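See structure below.
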Amino acid sequence: MELGGRRVLVVEDDVTIAESIAARLRAEGFTVDLAHDGPSGVETDAAREPDLVVLDVMLPGFDGLEVCRRIQARRPVPVLMLTARSDETDMLIGLGVGADDYLTKPFSMRVLSARVHALLRRVERSARTDVSETGTKIVLGDLEIDVEQRRVTRAGTPAQLTPIEFDLLVHFAKRPRAVQPRERLLSEVWDWDVAGTGSGTRAVDSHIKALRRKLGADLIRTVHGVGYALEVGA
């Protein structure tokens, strides 16, 4: 997939960091817009409709979590969140309002670039899957997944999933009860082509917790030291 020419919005109040990110992405062929506070981030997203948003959590005006809520309410867009915090609660909140991935500061530009490319590849692959599986529904016990409409219900109750949560659930649902190692999930769902290591596996864990919170704690079984398995009966 050719990613050159894609538009990325960087919302970061530290001008030095914002310019460094922009320089790296522009060198790789991306068109980059910058915003330095919450309100201008939302306005720029609406005006430019970027293919991806790199979003800092701590912003003047209103924070990155509110920016993420507002832009996701208008249209789905992949969001890579940047945070100076390592607290898991903050990460879960970010993922819960629609962020797809996060990086904890400080980070290398190489890693940020790899995450941006991976998120865009995943969105493209998901779009191709939606077309090829038009009309497909997956039913496992009381779990029903409408692939075309990207809707999920359990025991008749709808669940509001973020794009990455939906893709992760579909991945599990196509392989019920099979153990999925974290590294495989990073490769096949996140489409990472570099070693994820620490923060990557924590991203998987955080999204699993979000799925359990929205669909039931019994939905996904932890296989200690390996990964996870979907436990809904066929």
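The values are calculated or read from the model by the stated rules, or taken from the named source; none is laboratory data. Quantities reported herein were computed from a predicted structural model and do not represent experimental measurements. All Cβ positions, glycine included, derive from the backbone under ideal geometry; neighbour counts span all protein chains shown. The area values use the complete protein model at the heavy-atom level, side chains included, leaving out ligands, DNA and RNA. Shrake-Rupley method; radii C 1.70, N 1.55, O 1.52, S 1.80 Å.
Looking at region 138-163, which of its residues are free of Cβ contacts under 8 Å to residues at least 24 places away in the same chain, hydroxyl-bearing (Ser, Thr, Tyr) and open to solvent by less than 60 Å² (accessible area, probe 1.4 Å)?
Within region 138-163, just Thr153 meets the criteria.
Which of the residues spanning region 54-70 are within 14 Å of the chain's Cα centre (by Cα) and open to solvent by less than 40 Å² (accessible area, probe 1.4 Å)?
Val54, Leu55, Leu65, Cys68 - these are the residues of region 54-70 that are within 14 Å of the chain's Cα centre (by Cα) and open to solvent by less than 40 Å² (accessible area, probe 1.4 Å).
Across region 179-225, what is the total count of residues that are open to solvent by 20 Å² or more (accessible area, probe 1.4 Å), touching a Lys or Arg at 6+ places or on another chain (Cβ under 9 Å) and modelled with pLDDT under 90?
Qualifying residue count, region 179-225: 6.
Determine which single condition Glu2 fails, assuming it passes every other condition in (1) modelled with pLDDT under 95; (2) touching a Phe, Trp or Tyr at 6+ places or on another chain (Cβ under 9 Å).
Every listed condition holds for Glu2 apart from (2).
Answer yes if at least one residue in region 164-172 is farther than 24 Å from Cys68 by Cβ, buried (at least 19 other Cβ atoms within 10 Å of the Cβ) and touching a Leu at 6+ places or on another chain (Cβ under 6 Å), and no otherwise.
So far as region 164-172 goes, yes, one or more of its residues are farther than 24 Å from Cys68 by Cβ, buried (at least 19 other Cβ atoms within 10 Å of the Cβ) and touching a Leu at 6+ places or on another chain (Cβ under 6 Å).
For every residue, the table says whether it meets (1) hydrophobic (A, V, I, L, M, F, W, C); (2) closer than 15 Å to Leu120 by Cα.
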{"position": "Ser20", "(1), (2)": "no, no"}
{"position": "Phe30", "(1), (2)": "yes, yes"}
{"position": "Ala35", "(1), (2)": "yes, no"}
{"position": "Val42", "(1), (2)": "yes, no"}
{"position": "Asp56", "(1), (2)": "no, no"}
{"position": "Arg69", "(1), (2)": "no, no"}
{"position": "Arg74", "(1), (2)": "no, no"}
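So the check is Cβ under 6 Å with 6+ separation or different chains; which pairs have a first residue in region 39-53 that's open to solvent by 10 Å² or more (accessible area, probe 1.4 Å) and a second one that's assigned to a helix (DSSP H, G or I)?
Listed by first residue and then by second, the contacts come to Val42/Val67; Val42/Arg70.
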